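**Student:** Below you will find the structure I want to go over with you.
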């Protein structure tokens with residue numbers, strides 16, 4: 001007797017056409033498949049164990065650095081978040097031209113304090129809030145402008161129209177804020193003064209405001225024309241001077 | 001006696017043929033539409049990779065900007081190709097291993113169309129600018145319930161087949177497939193509910209997102225590919241799986257380690273710092289499950305060198321195992337928090353690692369499965385071994401180039417990024433040559449996949465060869481004159497005799 005699969009068409013007990021017909025015609029690919037044999041039992045080789053062991057040691061080292069496990073209190077590993085590289089100083093932010101630096105400060109204060117009434121375009125609304133764009137008081141003498149901001153305004157404005165009462169804005173205002181706003185308004189909304197109201201000028205303005213005869217009340221057009229129709233004292237600053245954008249102190253060129 | 005043996009073998013063959021017939025339409029639908037999405041994804045990949053070194057390329061309209069094309073590329077790859085290839089393999093292999101015909105082919109087919117519609121609308125959403133901005137989850141929020149529902153409608157039948165299987169041994173592939181079937185809904189529901197429905201702190205959301213990417217790779221694509229490789233290698237060679245203990249070690253270490261991995265992407269971010277470190281350690285430890293499976297499959301496959309030389313399925317599977325070994329090593333090398341992690345965290349390396357996992361490992365094993373499954377479900381043989389050869393060579397060289405360029409280019413880029421006193425331009429110019437290389441390599445892969453898609457589409461149309469002879473690489477099995485053997489020649493050697501491919 002021959003081996004089962006050696007010469008099946010010579011084996012008389014099998015009708016080749018019938019027995020293989022279906023499989024060969026319809027399922028040739030399935031018929032030639034091999035069976036999946038039982039699983040091998042080779043042991044895990046030594047070098048595989050050693051390689052896995054080395055990797056586990058590395059992983060253990062990483063876990064050892066993982067701080068207190070399941071501690072939600074610590075956010076950074078000491079020294080993981082970068083400190084300045086050795087030998088290099090933290091030089092801080094890059095210097096900016098004076099006008100840009102003051103205007104950047106001023107635009108923030110403007111959106112916090114002035115935006116609500118005078119609008120983001122500085123044009124007011126024509127009935128209760130006057131325009132800052134192109135009008136003489138913001139663009140005129142700086143002391144008059146500073147007094148209005150610090151103390152508020154009642155009565156008519158330059159064109160004789162009474163819009164409403166402007167509340168004082170000076171409470172808690174630093175020289176930096178005042179200088180920023182004034183510089184910003186004088187060079188925005190189409191205003192083109194382009195000058196910088198320095199910190200010194202703003203300090204002087206706050207002192208002048210505190211020394212007013214009727215300190216605590218809003219200014220009026222009469223008082224402004226009488227006492228404050230001049231520029232603030234202080235040295236003028238070239239708008240192109242390079243300043244530190246945070247402290248507004250003069251900076252060296254990079 | 002010989003007649004009894006012959007009858008059992010033949011009954012087996014007929015049972016297998018019945019199972020294949022019951023699954024023909026869903027399997028071919030998933031494979032063909034998957035291959036089409038793969039081609040789409042590669043085209044998008046070429047565009048986005050080109051933008052990394054030539055920012056002006058196709059900058060004309062907003063829907064071709066990098067921020068949309070890159071997510072479209074990776075999502076088309078994952079949800080268009082990766083999942084559909086996995087579906088085809090899961091439903092076919094689980095039916096075969098549980099020896100049950102599929103009774104819900106129509107429903108699976110409908111759910112498959114819904115899945116494709118979800119992917120299509122999701123991609124339109126990304127390209128029209130409604131991406132969510134979460135890596136691998138960029139589809140607008142409407143997409144995920146659609147995908148989840150169709151996922152259940154597709155794989156629940158495989159789960160049932162496993163439950164009602166004939167008594168007996170549960171084969172290694174079934175462990176992996178069953179695990180993947182159960183793990184995917186867990187990670188998908190967790191990530192999507194935590195990010196879309198119950199949004200918490202945005203930094204932690206980035207952490208969850210990084211975990212999702214890692215979990216999807218190692219808890220879905222990896223087990224599906226390993227299950228497939230554990231089926232193909234012993235099936236084609238006819239040799240037993242090399243070591244059962246190694247298989248168990250590989251499976252359980254994957255199950256225990258992989259869920260912890262992923263958050264190393266956020267090292268240095270303001271989340272509790274044990275999280276990234278545990279993630280890094282777990283990713284390093286993934287070496288254990290991946291290398292165990294790789295050794296086991298490699299030893300099984302190389303036990304019969306002559307079949308290895310001739311079988312396209314085994315060749316692709318083995319290339320995938322090669323990718324797995326590279327993946328195991330790069331998991332260790334890329335994730336050391338004190339040296340390499342800062343360099344790879346925000347650079348091309350992460351992309352290289354993902355492509356190595358999704359293409360160099362997963363997709364190659366899937367191609368191996370495609371070359372094995374399609375002749376069985378269509379009952380036609382592959383048309384041309386030359387087309388298969390083109391697909392193999394261009395894919396292997398292409399993907400190795402993409403992965404290595406991206407990983408090493410990422411190191412260079414990372415070194416440039418770490419030197420923070422230099423302008424950012426430095427990091428970009430360090431990565432430049434590698435980015436150019438990546439684009440060229442993707443072009444090779446596109447070339448190979450166009451041939452793959454055409455070949456597969458012809459098989460889908462039942463235009464394959466009607467023959468009993470498998471399409472093999474070498475002509476050393478007796479038909480040296482013709483690559484296909486003599487057409488119409490009836491193979492009388494009987495079932496289970498000539499080499500199976």
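**Student:** Considering every residue in A:63-75, what mean count of other chain Cβ atoms within 10 Å of its Cβ is obtained?
**Tutor:** For this peptide, the per-residue mean of nearby foreign Cβ atoms is 5.
**Student:** Sorted by mean Cβ packing within 10 Å, highest first, what order do the peptides B:218-226, B:76-84, B:413-421 take?
**Tutor:** B:218-226, B:76-84, B:413-421
**Student:** Sort A:157-167, B:125-135, B:247-257 by the packing proxy (mean of other Cβ within 10 Å over each peptide's residues), most packed first.
**Tutor:** So the peptides A:157-167, B:125-135, B:247-257, ranked by packing, come out B:247-257, B:125-135, A:157-167.
**Student:** Projected area of segment B:225-266, taken from the Cα convex hull and averaged over every viewing direction, in nm²?
**Tutor:** 3.7
**Student:** Test of understanding: extend the Cα→C-beta vector of residue A:212 to 7 Å, then name every residue of segment A:136-174 with backbone N under 12 Å from that spot.
**Tutor:** Those under the cut-off are A:144-155, A:166-171.
**Student:** Give the Cα extents of the protein assembly as shown along the principal axes, in whole Å, largest first.
**Tutor:** Projected onto the principal axes, the Cα atoms of the protein assembly as shown cover 133, 53, 46 Å.
**Student:** What nm value, rounded to one decimal, do you get for the distance between residue A:49 and residue A:76 when each label is placed 7 Å out toward the C-beta?
**Tutor:** 4.5
**Student:** Per residue, how big is the convex hull around the C-alpha atoms of segment B:308-363? Give it to me in cubic angstrom, could you?
**Tutor:** 63
**Student:** Spin-label point model (7 Å from Cα, Cβ direction): what's the residue B:389 to residue B:339 distance in nm?
**Tutor:** Placing both labels 7 Å beyond Cα along the Cβ direction yields 4.3 nm.
**Student:** OK, next. Calculate the radius of gyration of the Cα atoms of segment A:148-223 to one decimal place, then report Dmax, the largest Cα-Cα distance, as a whole number, both in Å.
**Tutor:** Answer for segment A:148-223, Rg first and Dmax second: 13.1, 35 Å.
**Student:** Please list log₁₀ I(q)/I(0) at q = 0.14, 0.16, 0.17, 0.21 Å⁻¹ for segment A:96-243, using the Debye equation with identical point scatterers on the alpha-carbon positions.
**Tutor:** The computed values of log10 I(q)/I(0) come out as -0.60, -0.80, -0.92, -1.46.
**Student:** Another question about this same structure. Evaluate the Kirkwood expression for the hydrodynamic radius of chain B, namely the inverse of the mean inverse distance over all pairs of different C-alpha atoms, and round to one decimal in Å.
**Tutor:** For chain B, inverting the mean 1/r across all distinct Cα pairs yields 23.3 Å.
**Student:** So, in Å, what gap is there between the alpha-carbon centers of segment A:179-254 and segment B:136-212?
**Tutor:** About 64 Å separates the Cα centre of segment A:179-254 from the one of segment B:136-212.
**Student:** Averaged across A:39-49, how many Cβ atoms of other chains sit within 10 Å of each residue's Cβ atom?
**Tutor:** So the per-residue partner count for this stretch is 6.
**Student:** Test of understanding: what is the full-extension gain from residue B:182 to residue B:440, defined as 0.36 nm times their sequence separation minus their Cα-Cα distance?
**Tutor:** Contour length minus Cα-Cα distance gives 89.0 nm.
**Student:** Among B:12-23, B:361-372, what's the highest-first ranking by average C-beta atoms within 10 angstrom per residue?
**Tutor:** Descending mean neighbour count gives B:361-372, B:12-23.
**Student:** Just checking the output field for B:332-338: average partner chain Cβ neighbours within 10 Å of each residue's Cβ?
**Tutor:** Other-chain Cβ atoms within 10 Å of each residue's Cβ, averaged: 3.
**Student:** Taking the Cα centroid of segment A:140-160 and of segment B:293-333, what is the distance between the two, rounded to the nearest whole Å?
**Tutor:** What the calculation gives is 84 Å, centre to centre.
**Student:** For chain B, what does -39500 (n - 2.57) per DSSP helix run (n ≥ 4), summed and divided by total residues, give at 222 nm, in deg cm²/dmol to the nearest 500?
**Tutor:** So the helix-based figure for chain B works out to -23000 deg cm²/dmol.
**Student:** Name the shape class, rounded, prolate or oblate, that the alpha-carbon gyration tensor gives for segment B:37-168, where a ≥ b ≥ c are the square roots of its eigenvalues, rounded holds for a/c under 1.5, and otherwise prolate holds if a/b is larger than b/c and oblate otherwise.
**Tutor:** Here segment B:37-168 falls in the prolate category.
**Student:** Something else about it: Could you tell me the extents of segment B:179-297's C-alpha atoms along the three principal axes, largest first, rounded to whole Å?
**Tutor:** Principal axes ranked by extent give 53, 26, 15 Å for the Cα atoms.
**Student:** Moving on. Pop a pseudo-label 7 angstrom from the Cα along the beta-carbon direction at both residue A:159 and residue B:252 and give the gap in nm to one decimal.
**Tutor:** Reported label-point gap for residue A:159 and residue B:252 is 8.8 nm.
No lab work stands behind these numbers, since they all come straight from the coordinates. Since we're looking at a predicted model, the values are computed, not measured. Glycine gets a Cβ as well: all are built from the backbone with ideal geometry, and neighbour counts include every protein chain shown.
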